[in-house]
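For reference, the structure discussed in these notes is given below.
Please treat every number below as a calculation from the coordinates, not as lab data. These numbers were taken from a predicted model, which means no experiment stands behind them. Cβ: placed from backbone, ideal geometry, glycine included. Neighbour counts: every protein chain shown.
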């Protein structure tokens, strides 16, 4: 048996996803501040007395110590401490659903390694803001997070000028605007007439999108959106993410926010680009 010291990594991390393995252990997918995405095995973490149990709860910000063995896909979680549980103070349905939706998107749509440090900062900001969000502002935080994620991936939507002809729409009054994932953002009414996938967007929803795109998630003040505007923005961003980010699909957690009548047949419409939040 080797007596050489084993390499160890220490980092702040966000717990993205966990699944059981063996009789009492857990595998956790982590997004770390210094090592990118890391999968760890937490031995016996499903036991109530395990000190690792609190470190493998999805959505928590933690400081962890883990093995750092080259060429291993699965490292061993050694210990750590919880930095923030965003659901500890108030675990509302909206806060839980938008938190889980963000985790699912990040786990599925992983950027290149050089962007993963910035991705951790973005995710940590979302978790911190959701932990103290006023009821009703959770959707705006989530949409700002989606816009920032698109910018991080280099495919953020153009929201000021028409992506077809370049006309400035930021101050336009009375002109219709359309949102196009294929064109990469906003289209004027004339340019939208030559495409079949563009979706009309109301002036109120477009103004809210611009507001969210200009403000860092960590400094976004609570913004209440009406249900109609929230659905409109959610649908536009869902279509845009689905077109530009490989691996994206509508997060399952968002279906919990559907009205009951829509929730009953949600399973028959997964993957449909017209799904709405």
To the nearest 10 degrees, how steeply does helix 93-108 sit against the main Cα axis of the chain, on a 0 to 90 scale? 80
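Mean residue ellipticity at 222 nm from the helices of the chain, using -39,500 (n - 2.57) per DSSP H segment of n ≥ 4 over the full residue count, to the nearest 500 deg cm²/dmol?
The helix-only estimate for the chain comes to -9500 deg cm²/dmol at 222 nm.
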Using a Förster distance of 30 Å, how high is the FRET efficiency between residue 39 and residue 256, based on the Cβ-Cβ distance and rounded to 0.05? 0.65
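May I ask you to sort 37, 98 by Cβ crowding, counting other Cβ atoms within 10 Å and putting the fewest first? Mind dumping the intermediate values first?
Details: 37 17, 98 27.
Going from sparsest to densest Cβ surroundings: 37, 98.
Explain nothing, just the number: relative contact order of the chain, from Cα pairs under 8 Å at least 6 residues apart, as a whole percent.
15
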Taking R0 as 30 Å, what FRET efficiency do you get between residue 151 and residue 57 from their Cβ-Cβ distance, rounded to the nearest 0.05? 0.55
Three-way shape label, the chain, alpha-carbon gyration tensor, a/c 1.5: prolate
Inter-centroid distance (Cα atoms) of the range 205-253 relative to the range 93-118, Å: 14
Could you work out the relative contact order of the range 69-216? I mean the mean sequence separation of Cα pairs under 8 Å and 6+ apart, divided by the number of residues, in percent. 18
Zone reached by a paramagnetic label modelled 7 Å from residue 23 Cα along Cα→Cβ, restricted to the range 40-63 with backbone N below 11 Å, covers none
Quick check: from the Cα gyration tensor, does the range 8-84 come out rounded (a/c under 1.5), prolate or oblate? oblate
Within the chain, what percent of beta bridges assigned by DSSP are antiparallel, to the nearest 5? 90
So what's the angle, to the nearest 10 degrees on a 0 to 90 scale, between helix 138-152 and the longest Cα principal axis of the chain? 90
When N counts the residues of the range 61-177, how does its alpha-carbon radius of gyration compare numerically with 2.2 N^0.38 Å, as a ratio? 1.39
Segment residue 132-residue 214, length gained on full extension (0.36 nm per residue, minus Cα span): 27.4 nm
Tilt relative to the chain, helix 227-244 - C-alpha long axis, 0 to 90 degrees, to 10: 70
What is the order of 27, 233, 201, fewest Cβ neighbours within 10 Å to most? 27, 201, 233
Could you line up 8, 127 from fewest to most neighbouring Cβ atoms inside 10 Å? 8, 127
Return the single residue from 205, 252, 42 with maximal mean-square fluctuation; model: Gaussian network over the chain, springs between Cα atoms under 10 Å. 252
